[in-house]
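Engineer: Following this message is one structure expressed as C-alpha cells.
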Amino acid sequence: MKILKFLLKAIGVLLLLIVLLLASLITTMDKTPYQEMDYYKVWKKEISTVVADTSGVTGELKIGWAKVNITPATPTPMAGYGNRRGKQYEAIHDSVYVRTMVIDNGFTQVAIVAADLLIIPPAVTKILQERLTKSQIPFDQVYFGATHSHNSVGGWGTGIAGLFFSGKYDQGTVDRLADAIFQSIVKARQKLEPANISYSEAIDTTDIYNRLVGEEGKVDPEIRSLIVTRRNGEKAILSSYAAHSTVINSKNMRLSRDYPGVLVDSLENGRYNFAMYMAGAVGSMGPIEKGTDDFDEMKNQAYGVQTSILAGDTLKRVNERANIQSITLPLPLREPSPRLTMGLVLRPWAFKKAFGEYPVFVKAVRIGNILMVGMPCDFSGELVASLDSYAKTKGLNLMITSFNGGYTGYITNDQYFDRDLYETKTMSWYGPYNGAYFQEVIKDIIDKLS
C-alpha cells in the first residue's frame, strides 16, 4: 500500500511538472488589433522622425557595379528546404555570387546588394552593421536583397531551427559571406562612372501563380526594373519579380542560383553588361514549372521572365541629377508567437531560444521617382497592387523586395490568417494583422519620401 501511495504521488508530481512545463512553453494566440498595441505607437514615433529630402541639391549621377563569387571551396550545408535537415550539397550546377550597384549623386551614395542566397542572413547583417561605416558606405545607406534560391549556401542559421533550414551554423561561412558583401561594395565604389537611370515595368502572368490559395487569390505579375546607361554606352539592369525561386525541388542536391541565375546570365549575354536580380513580394507566389526536369524548368522560367523584361513598357527616365535618400528604421512588432496548432502558440522566450534574436528593420531608397522598399520577410505579392497604385498617386514608381537582412517569416493577406496552411501556420511567427500593419508601414514610408 505504501508503495502504491508513493507511486501515485510520484505520478502526480510528474504530471504537475509536465503541466507547468507546458504552461511555460505554450499559450493562446493574442488577437488584440495592432492599432491598440504599443509597438504600433513606437512605429508611428519612428516614422515621424523621417523628413523627405526636398533640397534639390544634387550633382552628376555616377553608378558603379561589381560582383564577388561566394561559391564555397568545399561542400557546405544547403539552405532552403526544411526536409533536407541541413545536408551538404553534392555538386555545383552553377556558381553563386553577390552583386552590388553603387549610386552616387555627388552628395549621397547608396549601395544596392543582391546575393544568391535564400535570405540575407541576420548573422551576416550583424557583422555588416559594425563594418559598414562612413569610410565606405554606412549600413543605413545599404539596401539588401536576395535571389531567394533554395539551393544555395547554408550554415548561417542560428538556433535549433537553423539546423533544418540552413544546416549547422558555421562562423567561417558567416564571416566569408559578410566579407564578400563588403568587398562587392568596395569594388562597385571604385567603378563609378557618369550614368542615368530609367525605370521599367513589364507584366508576366504566365510564369507565376498563387501557391497559397490558387485561383481564389491574386498574384503580383509585374517585373520591375532599374536600367542604367553609362555615358560610355555600358548598360546594367536590376530586376525584381514575385515568383519564388523554387523551381529546383528539395531532392536535388546541386548548388544553384535557380532560375534567377539563368535570367541574369542571359541578360548579360545579350543586351546588358551587368545584371542583378532581387526576389520581390514572393510570399504566396510560386513559379509555373514547365519542362522535363528541374534544370529544363529553370531555363523555361528564366526565358519567360526575360522575354517579358525585354518587351517591357516605355522606359521612364529619371533625372540625371536625381535626389537620393536612404533610410533604415527599426520595425517594431508584437512578441513572436509561432503556431503549434491554429490556436496554441509558443511563448516568445521559447521562440527566441529556437530561432535566435536579431534586430528587425525596414529599408528604403528613393532615387528620383523610384522608391525601393526592402522588407524583412517573405512579403506577400497579394499585398502589392494597392501599394503600387498608392505610390503612383504620389508620383513614385514602387519596388518592394523581400529579405532585407532581417527575417520575420511570412507576411500574408490577413484574410487567410486562420487557414491551416504552411505560410499561415508554420511560417507565421508574429501573430495576426501583420498584412495590414506592414502595408501601413510601407504607406507611411511612401508618404514621408514622396
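Engineer: Accessible area per residue for the chain in Å², computed with a 1.4 Å probe and the full protein assembly in place, what is it?
Structural biologist: I get 41 Å² per residue for this part.
Engineer: Order of 435-444, 127-136, 398-407 by packing, highest average Cβ count within 10 Å first?
Structural biologist: 398-407, 435-444, 127-136
Engineer: To continue, here is another question. Can you give me the long-range amide H partners of TYR277? Hydrogens built in the peptide plane at 1.01 Å from N, cutoff under 5 Å, separation of 5 or more residues or another chain.
Structural biologist: SER239
Engineer: Mind listing the long-range amide H neighbours of ILE70? Cut-off is under 5 Å, sequence gap 5 or more, other chains count too, H placed in the peptide plane at 1.01 Å from N.
Structural biologist: When sequence neighbours closer than 5 places are left aside, the close amide H contacts are VAL96, TYR97, VAL98.
Engineer: Kindly provide the helix-only [θ] at 222 nm of the chain, computed as the sum of -39,500 (n - 2.57) over DSSP H runs of four or more divided by all residues, to the nearest 500 deg cm²/dmol?
Structural biologist: -9500 deg cm²/dmol
Engineer: So what are the ³J(HN,Hα) numbers for region 54-63, from phi and the Karplus equation (6.51, -1.76, 1.60; θ = phi - 60°), rounded to whole Hz, Gly and Pro as x?
Structural biologist: Listing the rounded values in order: 10, 5, x, 7, 9, x, 5, 6, 10, 9 Hz.
Engineer: Going by alpha carbons, how many degrees (0 to 90, nearest 10) lie between the helix axis of 2-25 and the longest principal axis of the chain?
Structural biologist: Helix 2-25 sits roughly 20 degrees off the main axis of the chain.
Engineer: I'd like the orientation of helix 259-268 relative to the chain: the angle between its Cα long axis and the longest Cα principal axis, in ° from 0 to 90, rounded to 10.
Structural biologist: Here the helix axis deviates by roughly 10 degrees.
Engineer: Spelling out what I want: for every residue of region 295-308, take phi, set θ = phi - 60°, compute 6.51 cos²θ - 1.76 cosθ + 1.60 (Karplus), and round to whole Hz; glycine and proline get x.
Structural biologist: Ordered by residue, 3J(HN,Hα) equals 6, 5, 4, 4, 5, 5, 4, 5, 4, x, 5, 4, 4, 5 Hz.
Engineer: Which label belongs to the value computed from this structure, given these candidates for Rg/Rh (Cα atoms, Kirkwood Rh): (1) 1.11; (2) 1.35; (3) 1.00?
Structural biologist: The calculated read-out lines up with (3).
Engineer: Could I ask something else about it? Counting only DSSP beta bridges with both residues in region 214-352, what percent are antiparallel, rounded to the nearest 5?
Structural biologist: 55 percent
Engineer: Right, something else. May I ask for the distance between the Cα centers of region 212-228 and region 341-358, given as a whole number of Å?
Structural biologist: With region 212-228 and region 341-358 each reduced to a Cα centre, they are spaced 31 Å.
Engineer: Take every Cα pair under 8 Å in the chain that's 6+ residues apart, average their separations, divide by the length, and report that relative contact order as a whole percent.
Structural biologist: Here the relative contact order equals 19 percent.
Engineer: Summing +1 for each Lys or Arg and -1 for each Asp or Glu, what net charge is found among the other residues whose Cβ lies under 11 Å from the Cβ of LEU238?
Structural biologist: Here the charged neighbours net out to +2.
Engineer: In whole percent, how big is the carbon plus sulfur part of the accessible area of region 201-305, probe 1.4 Å, protein atoms only?
Structural biologist: Of all accessible area on region 201-305, carbon and sulfur atoms account for 43 percent.
Engineer: Same structure, new question: How large is Rg/Rh for region 129-217, to two decimals, with Cα atoms and a Kirkwood Rh?
Structural biologist: 1.08
Engineer: In whole percent, and with a 1.4 Å probe on the protein chains, what portion of the accessible area of region 65-179 is carbon and sulfur?
Structural biologist: C and S atoms contribute 53 percent here.
Engineer: By what distance, in whole Å, do the Cα atoms of region 56-215 stretch along each of the three principal axes, largest value first?
Structural biologist: 52, 43, 27
Engineer: Let me ask something else about it. For region 269-293 and region 146-189, compute the distance between their C-alpha centroids and round to whole Å.
Structural biologist: Cα centroid to Cα centroid, the span is 21 Å.
Engineer: Now for a separate question. Once phi is turned into θ = phi - 60°, what whole-Hz ³J(HN,Hα) does the Karplus curve with 6.51, -1.76 and 1.60 give for every residue of region 214-227, x standing for Gly and Pro?
Structural biologist: Values, residue by residue: x, 5, 5, x, 10, 10, 10, x, 7, 9, 9, 9, 9, 10 Hz.
Engineer: I'd like to compare 419-429, 247-257, 192-202: which one has the highest average count of other Cβ atoms within 10 Å, and what's the full order after that?
Structural biologist: Per-residue Cβ counts within 10 Å, averaged per peptide and sorted highest first, yield 247-257, 192-202, 419-429.
Engineer: Given a 1.4 angstrom probe, I'd like the percentage of the accessible area of region 361-450 that is carbon and sulfur, rounded to a whole number.
Structural biologist: 47 percent
Engineer: A further question follows. So who's got an amide H within less than 5 Å of the one on ILE92, skipping anything under 5 residues away but keeping other chains? H placed 1.01 Å off N, in plane.
Structural biologist: LEU255
The values are calculated or read from the model by the stated rules, or taken from the named source; none is laboratory data. Keep in mind that what you see is a predicted model, and the values were worked out from it rather than measured. All Cβ positions, glycine included, derive from the backbone under ideal geometry; neighbour counts span all protein chains shown. Quick note on the areas: whole protein, heavy atoms, side chains included, nothing else; ligands and nucleic acids left out. Shrake-Rupley method; radii C 1.70, N 1.55, O 1.52, S 1.80 Å.
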